[in-house]
Each structure stands twice: as structure tokens, then as C-alpha cells.
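Heads up, the thing below is written out as C-alpha cells.
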Amino acid sequence: MDISSLIDSLHPLEVKVLSTFGANPSAVLQTEQLAQSTGLEPSQLSMAVEWLLAKSLLTVDTETVTPIVSLTTTGELYFEKYSPIERVLSAARDAAKTGKRLTIQDIQSREGLEPSEVSGAIGRLKKEGALLIIQGGCIESTGRSSQTAESMRGLLQQLHGAPRELQAFSEAQRQVIQDHAVKRGNAREPFRIDDRVARALKLSITGIEAAQQLSRQGTAEEVSQLTPELLKDGSWRTKRFRKYTISLRAPRIAPGKRHPYREFLDTVKTKLVSMGFQEMRGSLVETEFWNMDALFMPQFHPARDIHDVYFVKKPTHASSIAEPFLSRVTQAHQDGGETGSTGWSYPFDAERARRLVLRSQGTAVSAHMLAAQPAVPGKYFSIARCFRYDQVDATHATDFFQVEGIVLGEDINFRTLLGLLNLFAREVAQAKEVKFLPAYFPFTEPSVELHVRHPKLGWMELGGAGLFRPEVTIPLGVTVPVIAWGLGLDRMAMVALGIHDIRELFTDNLDLIRSTRGAF
Amino acid sequence: MPTITIFKQDLEGLLAGPGEAPQPITMEQLEESLMLVKGELKGQNPDTGELRIELQDSNRPDLWCCEGIARQIRVKRQGALARYDFLTTTSKSPKRLNVAPGLEKVRPYVAACTATGYRVTQEGLAQLIQTQEKLAEMFGRKRRIVSIGLYRLAAIEFPVTYDLVKPDEVTFTPLGMDTVMTLGEMLLVHPKGLEFGGILAGQDRLPFLRDAKHQALSFPPIINSREVGEVRVGDDAVFVEVTGTDLSMVVLTLNIFATNLADRGAVIEPIEIRYPYKTAFGKAVMTPQDLGKSRKIPVSTIERALGQALGTHEVAKALTAYGYEVTTRGNEVKVTLPLYRQDLMHAMDVVEDVAISRGYSDFLPVMPTQFTVGGLSRIEEVSDRLRALMVGMGFQEIISNILGSPKDLRDAMRLEGTERGELVEVDNVMSQNFSALRQWMLPSLLRVEAASNRAFYPHRMFEAGEVARPDPTKSLGSRTVMVLGGMIAHADAHFSEIHSCLDTLFYYVNQAYSLEPVQHPSFLAGRVGAIVSDGKQIGVIGELHPEVLERWQIGVPAVAFEIDLTELAGC
């Protein structure tokens, strides 16, 4: 790393320390001197020094270790309320004056001391000859003084709020301090001895170069953050901005966003609108009439079984079916009516037609549109939620979207149907290659299945379509040919979203929804 | 629609016809040819030649078998269907089948024929049984409308009688059993009796098929006799009968069997059915019988529907090569379906057959050119605008099932017995998890929250979508309503946080609103408000009740709102 990029990478604290050497790069400076001239807090200084040492910009010239004594919280407590040894001795002396017998238990209960504190103090006083233990667990003052008890008060007073070097104390005092200093296994002591490391520091050769470079650059202060104040008074001009390590991983956020599957459907919606399609909407609950009868599915059709469609529990039937549609559809089923068809030749059950079901196909929405005097020429679509009585598994959902619609016009025929499907293939699946296969739907004739080669996903079935049978359109009042089309987009969506289970389209896993991204 | 199993070598034999060398077909040719029958290859085993094919057209039961598929391809290759002479050569003294009086109220119709001279092979037998099952199951609606019986002809003495007997009047040993039993007993103990007995529910006399020696053939539509009602490999004389409730479907089914057996080289001998009551075809009906009614169609009708000028000749050629009998007169074709089909309801059915026969690739796609204006519904526009605002406020969009469980939609929301807890429920429940339409959105959001306690917080989510609300004033008994639900969940989620979001939404849709105190069991009392706009309650906002969170096993507070967009948009 060259010097200038090295300097760029320095923290403002490091810059401050290096600059202190500026005037005299080869100086050897004590930590205290550095603290004084940089004006840094000890913790900040030591951080900066450690960083500079790690970067080999600074080296340690000499190192002196000074033991420093300070009071622990126990020590500060003893300063205020006297130490156990002082209290035990004073109690023993009071007892001697009054001639009362003093048991160890008395001391404990009277002074509110821990047994271990009392026994420690008594042991020390006995050793120093200031106490005797007599029969019956009583103690008695000998009248002699205790070195420890005497020194203790002085030490507590001297050290209260003010740590001092150990060497500042007499040998005897040092002994007391060391005896009562916090050690491993004995944390409840008044004194603590810490080593203060005083280093004499000097710059390394690179450090000297950096310091010289810094002094040449001037004294511009480095800041980490541009603030409104800096902008307001223009002082940003005299600052340098610390450079960031931009290769670090960014912290994660959860953005507000559309659901990936909805995003896909929105794209399809936009495409359809741009192709001139008008949106239609319908009801989740439908009558069998609009869901099936109007689509010329005979009432005995297997797909109308209770194993295929969900029936509504209450009410079971709609109050009525609009005329003239009911009569005309009835005729179409029975003998073809006005449609030029033979019909299905069975007695149409008008009661059955009112039976309520959950919409099982989006074509029900188209059927309503046909009956609502659609525009001619006209193009319509719906993205309708549909329901099927299916065992839910990786490929079957009970509740799914169908993208469906119709195109009406005098120019509608089999070839324009294929043309429309070509358009879908190109616009919705970006496919240039298509295959049209004969297909069967109860309500269209001819019927086509559209297979396309998706540029990424390969050959797949994109949808089905056909010309509505006259048995569908004529009873609903439409006399021009009508294309009915449907796109099967779930598979495309699943591949685009990288999922293999259709249930994941409606997943309840927020993490998955947040992290899924589409490839469309 | 049915998926059937056939064997490639069997298909190749049928493509050539009996006594001819098999016509090999490559897999590519097969897939191409399957377009003629709306078939899709679902699977294959190259070692055994087994092919699994799905047939789409529910109106073409003749195609649900190897013979039918082969026939359609063969006709196309040969350009026309060879005539079946059993329709024209009438015997002076045909075999007879007599129908007993009273059957018109039970199972009125029967059709039958014999097939001799074809020695039944393993593959042929497998196809006969599969066709019998598929036709009875799907075309015959689980034997209710049509059921089929196959017998060893050698053991049968004519005339056969389609009789009507009391449940305990006759006995025989049914297939799959080794003891003699009455028809009544068969209904009670035989697996087929249990499965199909419902068809005869309420009848005090039952259909029974016997021969001239009073030998039992079968108990239609339940089970055949073990003695004569089981065709085996190597048999070269078969009796086929079809019974049912729809005469033309019964005859069509027999026609399919007769053509199938004829295609395998059998000589078909029609049988005369004698009814004691009137039928649409009279009292004496020869079966098989050509049901084909001819239909005249102007060529222009076909050309207009296809968008292509073809001319009478080309139309006639295409239909002939698809099995039709066609005569032309000027600009009109007169078409008759072959005997194994009966699916011509409208001229458009013929149009499709012209297209399939010529191949869809023969038609050049043309773009519809008429100009139309595209656009979204008002409710969708409103919904899209609000969705964009929700995204802007940092909410993740959710999509959920609309079908849910009353437990989640009502009980877990503390709405039992309240108007807000009323649901559109499903009658034929498959799983309690999918047994009611959601009546509001918040359970959908809580479902996600409950499953996502490991997703990092805060959670802000929304869903715009449809719900169904019971409404006795509507013909459908319910209304479909578009709603928007938003929810925030994290350790410090608070009413004011969601209130700010709601406030922002209303600001940008430029609509005034107010919050009014309301009783709502799903929310903490005193921390819930009805959203009122234009004098109407159009939603609710509040802190979800701790008991609701507990029922959903959610461990953080959640605040939420829901707005009725249908009301907001005035739709």
C-alpha cells in the first residue's frame, strides 16, 4: 500500500497521534505526553496506539510497568462504613471497657457482617496479638494495637477516589495492601493493584513518512460523517472525509415490494391491456348456469360432478337466473333452439341451473360478458380466481388464477384465432416458435392448444382457445364469431420464480416471499 | 378424459388391417398422427412397446381404444373409410334377442351382435376389456347409462332373452365368486353389486340376461356369469351386448365394439332386438345399426369459419379422409358420420374436422386487425394505486388462498356467533382447510405472520384481493368484494404506526375519513376504530386482540387495518 492510500485508510484518532509527532518525527514520546498533546481520552488513545502498532507505523521504544493501587467497590464501602477488621477491633475494645462478654455471633449480628468477613478479621487480629479467643467462642481485646487495623484507615483515606502508585507507600503499608488486594478466588477485598504500562513510543520508518506526508497535507481534520453543521458553516472545506471499506457486505433491509407472483400477473395484465383487451370481473360464487350451462356443458357432463366442483352450502340456490338467457340456454341444451344445433337431447333441469358453486373456470366471467352486450369488435380478459375440488399437492391447487378472455368481431375465424395465439406466444412468452394442436373444450369448436418454445423454459403448453360454439354465443345474444382463449400461466410463473410446488405461489413463508425474485 | 394403454405392435397391425403385414410407425409419425385423435402421448416403454395415451375429446368414445386410434390414422392414410359390410348384408334369419315387458321402466334398451373368426389374442383381449371399462365408466357414466357384456358365443343358444326377474327368482355363479347366488344376494355381497347396485335402487324386479336354455348370461349392469361371461385368449366366437337407458348411446357403444372387432378380422353378425314396447327405432331393431343422419352444409359456412377458401372438392376430400361419407352438390356438401361416431351437433363440428383432417399447420395465422381499446376495470385501477402506495410505505405484498377454514376465518378471530363471522361455506368439503371463502383479509395476513416468526422484524405486509360476504339480499346469496388489508407486526407495534399508514393512504386517494369507536372482538377494546368515509363504514383499524394472537400462536403485537375497496371506489 502506498503512503497516500495508507493515510486515506487511517482513522481520525490515528491521524491525531501521528500528527503529534509531526514536528519531530524521530522523537520518543511517553504515553502521557501523547495523551497531553493529543488531548485524547485514555481509551481512545490506547485504541489509536494499538491500531498504529498493528499497522507497524508506531513501535515501542521502552515499556515501564507501574503497579497502581486503587479502591475496589468493597474498598469504597469500607472507607465509608469502616472495614471489618476495624469494626471487630473497635467492638472488642468497647466490650473490654464495659466488661461485657462478646461472642463471635454477637459481632456478626450486631455489625451485619458476613461470617467469612468476621472470621477473616478475627484471624488477622489474633495473629497480630490484638485479640484473644477465649472459651465459649468469646473474644477479648488484648489492648495491643493492630498494624493492619491502624494502616487500614489511612490507606482507605489516601486511596478514596484517587488511585496511587504502589511505590508511594511504605513497606508496611504495601504489605497490608498486598494482603488485602483482589486476587483470584478472593474478590471481596478493598484494594486492587493494576499494572499501568507506560510506553515510550516512536515512529517506524513508514510512520515517519506518513507523519511527514500528513504534515505536508496540512492539518485538515478527518471526519467520518458529513453533518448539516459542516455544510451550514462551510467548514467541510477544511475537513478530510475518512474513506470507507466499500467492499464490506451491506446490511440487509426488507423493502416494501409486490409479491413476485403478482408482479408476474401484473406484467401479463399490462401486456393484455396494451394489446387492446378490456378487463372483466366476476363473482367468486356462481350459478351452475353461468359456470357451465351457458357454456353448453351438458348437465350430465363429468366435469360437473361433485368430485370436480365445490358446491355452496347456504344458500344452495340462486333466487333466479336472468331471462331470456335461461330459456334460450335451456332450448340450446334440449334441441339446439335457434342455434342450428341438435342440442344434447336431454331434459334441462332449471333447478340445477340455479345451484350455487364456487367459480370453477374463468370462462364463466366471459359468459357473463357475452350476455352483457359486449362491444363488437371487442377484446376482453379477466384474471379470475377459480376453485376446483382437487386433492392439493405439488401440481394441484384448490384455488388458483385463470387468465381468460374473449375476442369478438366480424373478422374472427380459425385463422385469426391462430393469429391471436401467435401474438400471445410472442408477447407473453417471448416465443418465436409455436405449435397448434387440436384440442377439446366443451364450449369451443374448433379448439386449439397452443404450445410454444419459450426462450428459457423450452417447449410448453401456453394455453387453449377456440371459437365459441354457436350454442354458447347465440343464446347469450351474440351473433358474431367469438374467440374464447385461456392462458395456463402457472407453470411459466413457477419456472420463472424458480419454484417446483404450486402451493408455493401462495406460500405463507414471509422469508421466501421477501427473497424470491422473478426472471421475467 | 381417459388415458389408455396400448401396444405399438398392436397399433401397427391394426394400421395395416387383418391379414396384412404390420405397418411400422415411428414415434415421430405417431406423435404427429395423434393430432388426428386429440391424443397426447403421456408415457412409453420402448422395451414392451407400451404406450400411454390421453384422449381429450369426451364426445369421441370411439377413440378411447387402440382400434379407434388406428382407424382414424388409417382412414387418413387411405383417404377414405372402407365400408363395413355387416351394415348392408342382412341375413334372412338373423339371431334374435327378445326383450321382456316391464324393462322400459328399469333399463329399457339393449343392443347385441356376434363376432366370429377372430381368435382373441392377449393384446386383443386387453383392449376389449379396457374399452369395455372406459366406455362404461366415462361414456356410460359408471354403467348408469351404458354397460357392456362380453361372452363366449359357443356356449350360448339363441334366442337370448333380456328378462326381468325378482331378486330371488334366479341364481348363477357370478364372475369372481365360486358359489351360486341370487341376484339379490349379488347386490348385497358381490363387490360389483356394492359398487353399482345403486343404479337399480328401488327396483323390485331386476334385469337378467339368459339364453334359450335358460342358462344365465349376466345380471346387467352388475356382473356376468362365470360360466359363459368370461372371454379368454384363444376364443374365436364372441357375443357382445350393451344395455342401458339411452337407446342411441347403447347402439353407438355396440357399433364401436362391432367395428373394433371387425377391424381385428372378425365377421360381425347383427342381432335383431325385439321389444314388447315402442322405441325411437321401432319395436324390432337390428344392431349394430348406422345411426348417421346426413347433414347438408354450405361450403361457404365452412370457409367462413376457417377463414380460408378451400372449394367444395377440398372440403369433401378432407372430410372423406376423416371417415365421413360425403356427397357434393354445387356449393354444398352432404355429410354423414361413420357408424362409430355420433358427435355431430352443429356445422361447427364439421368445420373442426376439416381443419384437423388437413392439419392445423395448413392454416396460416392472420392477426385480427380490428381496433379495440384496452383498459382495466375501475376497481382494479383503484386497487393498483393503493398497492403502489402500500409498497411505498414499506409493505411486502402477500397472495393467499381465498378458500380457508372457518376455524381460521372466524373462530381464531373471536367472531363466532357474530355477523362478521358469517361465511360462504362449501357443501362438499374435501378438507376443512379449504371449506369456506374468506370474508375478510386479516386472517390471510395472520396466516403469514404465524408462519414467519423467524423472518426478521419488523413485518409489514398487505394483500389486496377478493373476499365473499354473505348477503341475503343478493340472488347469489353473497357479494364478492375487493378489500385491502395491511398489517404491522413487531415487538413495539403500535396503533399510531398503522394509523399513520391509513392516514397516508386516504390523503393520496384524496378522500376524507374519520375513525369512530366500534366494538370488534378481533381487536383490543378501545384500540379499534371503524373507518368511516362519506358516511359509510368502509373498514376497521386496530390492535389485534391478544387472544387472537394467541390462537394464531403469534408472539409479537400486531396492528392492522382493512378497507373495502369496492365501497371506496364506489363500484
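Annotations for the structure displayed:
- Ellipsoid semi-axes in whole angstrom, largest first, where each is sqrt(5λ) of the Cα gyration tensor of the stretch B:295-358: 16, 12, 11
- DSSP finds beta bridges in the protein assembly as shown, and of those with both partners inside it, around 90 percent are antiparallel.
- Length gained when the stretch B:Asp178-B:Glu230 is fully extended (0.36 nm per residue, less Cα-Cα span): 17.3 nm
- A:Lys81 versus A:Leu6: modelled label distance in nm, points set 7 Å from Cα along the beta carbon direction: 5.7 nm
- When all alpha carbon pairs of chain B are counted in 20 Å bins from zero, the resulting P(r) reads 17, 31, 27, 22, 2 %.
- Solvent-free Debye calculation, one equal scatterer per alpha-carbon of the stretch B:85-287: log10 I(q)/I(0) at 0.08, 0.09, 0.19 Å⁻¹ equals -0.23, -0.30, -1.51.
- Using the Karplus relation 6.51 cos²θ - 1.76 cosθ + 1.60 with θ = phi - 60°, the per-residue 3J(HN,Hα) values for the stretch A:387-398 come to 10, 10, 6, 10, 5, 6, 8, 4, 10, 10, 10, 8 Hz, with x marking Gly and Pro.
- Too-long pairs where the Cα-Cα distance tops 22 Å, listed order kept, from A:Lys313/B:Lys474; A:Lys202/A:Lys243; B:Lys8/B:Lys192; A:Lys16/A:Lys55; B:Lys92/B:Lys334; A:Lys16/A:Lys202: A:Lys202/A:Lys243; B:Lys8/B:Lys192; B:Lys92/B:Lys334
- Listed by chain and number, the aspartates and glutamates whose C-alpha is less than 16 Å from the C-alpha of A:Lys314, apart from same-chain residues fewer than 8 away, are A:Glu286, A:Glu288, A:Glu351, B:Glu419, B:Glu422, B:Glu425, B:Asp427, B:Asp471.
- Rounded FRET efficiency, nearest 0.05, which uses the C-beta distance separating A:Val223 from A:Thr66 and R0 of 45 Å: 0.80
- Using a 1.4 angstrom probe on protein heavy atoms only, the contact between B and A buries about 7900 square angstrom of accessible area, both sides summed.
- Computed E for A:Asp393/B:Gln432 - FRET, C-beta separation, R0 22 angstrom, nearest 0.05: 0.80
- Centre-to-centre separation between the Cα atoms of the stretch B:25-88 and those of the stretch B:518-545: 64 Å.
- Surface share of carbon and sulfur [accessible, 1.4 angstrom probe, percent] for chain A: 51 percent
- Trypsin sites (Lys or Arg not before Pro) within the stretch B:63-156, DSSP loop, no more than 14 other Cβ atoms inside 10 Å: B:Arg83, B:Lys92, B:Arg119
- The alpha carbons of the protein assembly as shown occupy a box of 152, 80, 69 Å along the principal axes, longest dimension given first.
- Base-10 log of normalised Debye intensity for the stretch A:261-515 (one unit scatterer per alpha-carbon) at q = 0.09, 0.15, 0.16 Å⁻¹: -0.40, -1.11, -1.24
- Surface accessible to a 1.4 Å probe, A:Phe79 within the full protein complex, Å²: 50 Å²
- For q = 0.19, 0.21, 0.25 Å⁻¹, Debye-computed log10 I/I(0) when each Cα of the stretch B:3-78 counts as one equal scatterer: -0.72, -0.89, -1.28
- Charge tally in the Cβ shell below 13 Å around A:Asp411, where Lys, Arg are +1 and Asp, Glu are -1, A:Asp411 excluded: +2
- Rule-of-thumb Rg ratio for the stretch A:355-417 [Cα; 2.2 N^0.38 Å; N residues]: 1.38
- FRET efficiency estimate (nearest 0.05) - Cβ-Cβ, A:Leu248 to B:Glu516, R0 41 angstrom: 0.20
- Along principal axes, Cα extents of the stretch B:378-568, largest first, whole Å: 43, 38, 29
- Amide H to amide H distances under 5 Å link A:Val223 with A:Arg240, A:Phe241, A:Arg242, where only residues 5 or more positions off or on other chains count and H is placed in the peptide plane.
- Computed with a 1.4 Å probe on the full set of protein chains, the accessible area for B:Leu135 sits at about 0 Å².
- In this structure, the amide hydrogen of B:Lys166, modeled 1.01 Å from its nitrogen in the peptide plane, lies closer than 5 angstrom to those of B:Leu206, counting only residues at least 5 positions away or on a different chain.
- 20 °C / 1.002 mPa s Stokes-Einstein diffusion coefficient of chain A, Kirkwood radius on C-alpha pairs, µm²/s: 65 µm²/s
- Heavy-atom accessible surface of chain B: percent carbon and sulfur, 1.4 Å: 49 percent
- Whole-angstrom gap from the stretch B:203-233 to the stretch B:294-333, using each part's C-alpha centre: 46 Å
- In units of the compact-protein estimate 2.2 N^0.38 Å, the stretch B:193-277 shows a Cα radius of gyration of 1.22.
- By accessible area with a 1.4 Å probe, ligands and nucleic acids excluded, highest first: order of B:Val233, B:Val228, B:Val556: B:Val233, B:Val556, B:Val228
- Interface residues in the stretch A:434-453 - accessible area drops by 20 Å² or more relative to the isolated chain, probe 1.4 Å: A:Phe436, A:Leu437, A:Pro438, A:Ala439, A:Tyr440, A:Glu445, A:Pro446, A:Glu449
- Accessible area per residue for the protein assembly as shown is 44 Å², calculated with a 1.4 Å probe on protein heavy atoms, without ligands, DNA or RNA.
- For the stretch B:33-43, backbone phi angles converted through the Karplus equation (6.51, -1.76, 1.60; θ = phi - 60°) give residue-by-residue couplings of 5, 5, 4, 5, 10, 6, x, 10, 6, 9, x Hz, Gly and Pro being listed as x.
- Within straight-line reach of B:Lys166, meaning a Cα separation under 16 Å, sit the following lysines at least 8 residues removed in sequence or on another chain: B:Lys105.
- Dipole axis of the protein assembly as shown (+1 Lys, Arg; -1 Asp, Glu on Cβ), positive-most option in B:Leu252, B:Val299, B:Thr88: B:Val299
- Euclidean distance of C-alpha centroids, the stretch A:220-280 and the stretch B:400-438, integer Å: 41 Å
- Ranking by accessible area, most exposed first, for A:His333, A:His160 with a 1.4 Å probe: A:His160, A:His333
- Percent RCO, i.e. relative contact order, over chain A, from Cα pairs under 8 Å lying at least 6 residues apart: 13 percent
- Calculated mean residue ellipticity at 222 nm for the protein assembly as shown: -9500 deg cm²/dmol, from DSSP H runs with n ≥ 4 weighted as -39500 (n - 2.57), summed, divided by the residue count and rounded to 500.
- Heavy-atom accessible surface of A:Leu231, to the nearest 10 Å², is about 100 Å², with a 1.4 Å probe and all protein chains retained.
- Computed over protein heavy atoms with a 1.4 angstrom probe, the accessible surface ordering of A:Arg242, A:Arg328, A:Arg249, largest first, is A:Arg249, A:Arg328, A:Arg242.
- Cα pair distances of the stretch A:245-328 binned at 10 Å [whole percent]: 12, 24, 22, 22, 8, 6, 5, 1
- Applying Stokes-Einstein at 37 °C and 0.692 mPa s to the Kirkwood radius of the stretch A:73-189, computed over alpha-carbon pairs, gives a translational diffusion coefficient of 221 µm² s⁻¹.
The values are calculated or read from the model by the stated rules, or taken from the named source; none is laboratory data. Note that the structure is predicted; figures quoted are calculated from it, not measured. For neighbour counting, all protein chains shown are included, and Cβ atoms are generated from backbone atoms with ideal geometry for every residue, glycine included. Please note that ligands, DNA and RNA were not included when accessible areas were found on the heavy atoms of the full protein model with its side chains. Shrake-Rupley method; radii C 1.70, N 1.55, O 1.52, S 1.80 Å.
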